[in-house]
Amino acid sequence: MSHRSWSDRLRAAVSARGRLCVGIDPHPALLEAWELPRSADGLEVFAELCVEAFVGEVAIVKPQVAFFEAYGSAGYAVLERTVSVLRHAGTLVIADAKRGDIGTTMDAYAQAWIEPESPLSSDAVTVSPYLGFDSLNETVERAVRHHRGVFVLARTSNAEGATLQQATASDGRSVAQSIVDAAVVRNRVDRDTVGLVVGATRDHGLDLSDYVGPILAPGLGAQGATVADLADIFRDCRELVLPNSSRGVLAAGPSVTALRDAATRLRDEIEAGLA
Ligand SMILES: O=C(O)c1cc(=O)[nH]c(=O)n1[C@@H]1O[C@H](COP(=O)(O)O)[C@@H](O)[C@H]1O
């Protein structure tokens, strides 16, 4: 499975099952709504229902690590099983861990999330470039070696991101644009290894014309973005935009059928809207 390049696996999965990336975000309020206990046991059932609903229907699933980490080692054990079951079933997994640190420490995070022997080994991981894009070098190299992907935050979906990400760097570009440009250079060597995270909630103001690679676009549903917004915001680069929705789909649970229907309806709406 993982001997094929990340680029080939991603592109094949998207052409077979569409661009939608569904999040597994077991918020306490969702556990309650699904009548599950706020415990690792509750998490386990939540994740199992999601797996049953999404496998075979969507190309990519993105577990939000924070909601598992909240339950300590028992939560991590559930996450390990969830990632492993999804990947064995042929669903690509982006671990939403948003790690960021100095290069050597980052490399330890990369070992956890993308080293094949790691219990948390995923197809891709989200990372923060705000300790400097080059702090991610070892992580990107590790991803290349193991045919995995790295999604780098550029312009996030939340309103608070603007002050930092739209600040003007010394060369006149915005900070977010400098992240995009660094990804452009990196992907000239290994297409698709460095993905970007660009929120679907507002016009990003980025020049993406030279960028070749996947763009994870969270913000659909609960954060207010619509498929029409996606089509507009990403009008010049729709091919590998991977729209993410978590609560917008999860609100349909706990019925597996209702979850699956919500995911497939959104998947089809996205494919029609971005055609
Ligand atoms: O990296 C992400 O996935 C991410 C980046 C971003 O800019 N905004 C954003 O909401 N996310 C994540 O995407 C998910 C969005 O969840 P919903 O708002 O429930 O659809 C959460 O897990 C967020 O942590």
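The values are calculated or read from the model by the stated rules, or taken from the named source; none is laboratory data. Model, not experiment: these values are computed from the prediction. Methodologically, a virtual Cβ is constructed for each residue, glycine included, from the backbone with ideal geometry; neighbour enumeration extends over all protein chains shown. What goes into the accessible areas is simple: the full protein's heavy atoms, side chains included, and nothing from ligands, DNA or RNA. Shrake-Rupley method; radii C 1.70, N 1.55, O 1.52, S 1.80 Å.
Three principal axis extents of the range 6-273 based on alpha-carbon atoms, in descending order, are 53, 40, 34 Å. Solvent exposure of Thr105, expressed as accessible area, is near 50 Å², computed with a probe of 1.4 Å over the protein chains only. The trypsin sites (Lys or Arg not before Pro) of the range 170-275 that meet both conditions, a loop assignment by DSSP and at most 12 other Cβ atoms within 10 Å of the site Cβ, are Arg188, Arg235. Taking only the Cα atoms of the range 174-275, the radius of gyration and Dmax are 14.8, 45 Å. How much mean residue ellipticity at 222 nm does the chain get from its helices, if each DSSP H run of length 4 or more adds -39500 (n - 2.57) and you divide by all residues, to the nearest 500 deg cm²/dmol? Value at 222 nm, helices only: -13000 deg cm²/dmol. The convex hull around the C-alpha trace of the range 36-129, projected and averaged over every direction, spans 6.0 square nanometres. Counting only protein heavy atoms and a probe of 1.4 Å, the accessible surface of the range 1-90 is 53% carbon and sulfur. With every protein chain present, what is the per residue accessible area of the chain (1.4 Å probe, Å²)? With all protein chains present, the chain gives 41 Å² per residue.
Enter the mean projected area of the convex hull around the alpha-carbon atoms of the range 223-263, in nm², rounded to one decimal. Intermediate results must be reported in sequence, preceding the final value.
Working: hull surface 13.2 nm².
So the Cα hull casts an average projection of 3.3 nm².
Taken about its Cα centre, the range 6-273 carries a charge dipole of about 300 debye when Lys and Arg each add +1 at the Cβ and Asp and Glu each add -1 at the Cβ.
Measuring gaps between exposed loop sites in the chain (GluC sites (Glu not before Pro); DSSP loop; at most 11 other Cβ atoms within 10 Å), the longest gap, sites not included, is 118-275.
Using only alpha carbon pairs under 8 Å that are at least six residues apart, calculate the relative contact order of the chain and give it in whole percent.
On the way: 520 pairs, mean separation 53.6, N = 275.
For the chain, the relative contact order is 20 percent.
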